[in-house]
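The values are calculated or read from the model by the stated rules, or taken from the named source; none is laboratory data. Not measured: the values here are computed from a predicted model. Glycine also receives a Cβ, built like all others from the backbone with ideal geometry; neighbour counts cover every protein chain displayed. Accessible surface areas use protein heavy atoms only, side chains included; no ligands, DNA or RNA. Shrake-Rupley method; radii C 1.70, N 1.55, O 1.52, S 1.80 Å.
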Amino acid sequence: MAQLKDIMTSNVVTVNETQTVQEAAALMSQYNIGAIPVVNNARHIVGIVTDRDITLRTTAQGENVQTPISQVMTAQKIVQGTPDMDVHQASNLMAQQQIRRLPVVENGQIVGMVALGDLAVQNQYANEAEQALQSISTPSAPQE
């Protein structure tokens, strides 16, 4: 049974919680990614920021691009896996939580990232990726 450490991306781009929305967006553009784990000065993960977070919590609100990431990131209930987590467990977790990217954390520090696409390109996990995508794509009620 494969573990996350077997399929995760190890060289994860991170942003410090004090950096700005503009800096995070520039990193997303540079590395062609849609989510960046947010770390504190001790390199412990404290949140995650997505291109959607930036759009909805900054741009749509007319906020300044110098807004600190800590004000737009998702911080509560950071869903995460561990390097030795079974790929099937991770797939189920992603489906249950309706997330497309799973930070892989060890001793509080980010050591990798697994995306739904990482599961999809592994033939033996194609069914898990499909099931996770179905769960993730289930519409939730609009926020009021």
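Here are the numbers for this structure:
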quantity: Condition met for residue 38 (touching a residue at least 24 places away in the same chain (Cβ under 8 Å), among the β-branched types (Val, Ile, Thr) and either open to solvent by 40 Å² or more (accessible area, probe 1.4 Å) or in a strand (DSSP E or B) (or both)); calculated: yes
quantity: Qualifying positions in the range 10-35 - part of a strand (DSSP E or B) and more than 18 Å from residue 78 (Cβ to Cβ); calculated: 20
quantity: Test: residue 25 is surrounded by 13 or more Cβ atoms within 10 Å (Cβ to Cβ), under 16 Å from residue 119 (Cβ atoms) and touching a residue at least 24 places away in the same chain (Cβ under 8 Å); calculated: no
quantity: Subset of the range 52-71 (residues that are touching a helix residue (DSSP H, G or I) at 6+ places or on another chain (Cβ under 6 Å) and closer than 14 Å to residue 15 by Cα); calculated: 54, 67, 69
quantity: Extreme residue, modelled with the lowest pLDDT, among residues of the range 52-90 that are under 20 Å from residue 112 (Cβ atoms) and open to solvent by 70 Å² or more (accessible area, probe 1.4 Å); calculated: 77
